[in-house]
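Single-structure report; data block below.
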Amino acid sequence: MEEHELTDVLTGVGPRLKHLRQQRGSTLTELSETTGISVSTLSRLESGRRRPTLELLLPIAAAHRVQLDDLVGAPATGDPRIHMRPFQRHGQTFIPLTSKLGGLQAYKQIRPPDPDPGKRPDQRIHEGYEWLYILSGRLRLLLGPHDLILGPGEAAEFDTRVPHAFTNPGPGPTEFLSLFGPQGEKMHVKAKPKNP
């Protein structure tokens, strides 16, 4: 690898680290506690003011459960299989179904029943667009003023700038596919209306 190619690869590491951490819903402090790397070092890595080293990248890759290749943007080997590494966030399991950081992301999510299914959760907003498809179980989707129960085979899509929240009303776990992308990368569902 030539010097300018190496520089390009290393320059791209910081934005990948920041995007991955934010995608996982982790703060610099939480990542610091998990990896043993100081907050200031993590911040400098993400901003590109610190050159990434193997000693720094290995614990970060382990904390996020991704391959080191994903952090440095290594070229594809030609193998199209995705090596799924599940991770936990807010009590539910996320199984990544896409391998590249950034752009459209796909996940299989497994959400256990909520302990208080009648409680109305706080709705949140963020940039992006989301598409959901329920595989099994039931998912309660609160979207703006709407309060919907989605069952197997049902899909929903929405702008994530609309206040939204999810719960699992039970009785068992809910498994669903979720596609999330930056604003403008919308997934469209073509479905026939249900017969009355």
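The values are calculated or read from the model by the stated rules, or taken from the named source; none is laboratory data. Bear in mind that the values here come from a model prediction, so they are computed numbers and not experimental data. Don't worry about glycine lacking a Cβ; one is built from the backbone with ideal geometry, like all the others, and counts go over all protein chains shown.
Worth pointing out:
- Of the helices (runs of 4 or more DSSP H) entirely within the range 1-74, those holding at least 2 residues that are closer than 23 Å to Pro86 by Cα and modelled with pLDDT under 85 occupy 3-23, 54-64, 68-72.
- The range 45-54, residues that are closer than 16 Å to Gln22 by Cα and buried (at least 16 other Cβ atoms within 10 Å of the Cβ): Leu45, Glu46
- Residues of the range 153-185 satisfying the condition of being surrounded by 14 or more Cβ atoms within 10 Å (Cβ to Cβ) and either basic (Lys, Arg) or over 18 Å from the mean Cα position of the chain (by Cα) (or both): Glu154, Ala155, Asn168, Pro169, Gly170, Pro173
- Residues that are surrounded by fewer than 16 Cβ atoms within 10 Å (Cβ to Cβ), in a loop (DSSP other than H, G, I, E, B) and modelled with pLDDT under 90 within the range 118-152 comprise Gly118, Lys119, Arg120, Pro121, Asp122, Ile125, His126, Glu127, listed in sequence order.
- Scan of the range 75-86 for residues that are at positive phi and modelled with pLDDT of 70 or more, ordered by number: none
- Pairs, first over 19 Å from Val72 (Cα atoms) and surrounded by fewer than 14 Cβ atoms within 10 Å (Cβ to Cβ) in the range 94-117, second among the hydroxyl-bearing types (Ser, Thr, Tyr) and at pLDDT 85 or above, C-beta under 8 Å, six or more apart: Pro117/Thr167
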